[in-house]
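Peer 1: So that we are looking at the same thing, I have put the structure below in structure tokens.
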Amino acid sequence: GHWNMFKNDWLHRDVSLGNVMILETPELREHVLDFDDPLIGLTTQAECEGMVIDGDHAIRWWCRIRECPISGHRSGTLPYLSLRLCQLWGDNNLVSLPHTALDDLESFLWVLL
């Protein structure tokens, strides 16, 4: 789900335990084949076992669509934020607070832990 959002120019910005839903029974879904290099042959799994929900803090990926502004407010659930964002928030440094896909991926790591 995160990959699909990112490829469509969106960042979730609030990956947390309450926003990752695990399905009781996996559902068959279409493979995602576009991993920027079709020669590698990477695909996603055919069965969807979960999904990311609650995208009310999602923004357009600022680096890929330059005319869209960076969000100027904080977002995310504190226990699942990336360490980088926590440090920036602690310094009250909102100017250099671009939320990235790597921050979302680190949030998934905290959800797993």
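Peer 1: For Leu23 and Leu102, compute 0.36 nm times the residue count separating them, minus their Cα-Cα distance, and round to one decimal in nm. List each step's numbers first, then the result.
Peer 2: Numbers: separation 79, 0.36 × 79 = 28.44 nm, distance 2.48 nm.
Length difference between fully extended and current span is 26.0 nm.
Peer 1: How high is the FRET efficiency between Glu30 and Leu78 when r is their beta carbon distance and R₀ equals 30 Å, given to the nearest 0.05?
Peer 2: The formula returns an efficiency of 0.30 here.
The numbers here are math on the coordinates, done by the rules we state, and not lab data. Since we're looking at a predicted model, the values are computed, not measured. Virtual Cβ from ideal backbone geometry, glycine too; neighbours counted across all protein chains shown.
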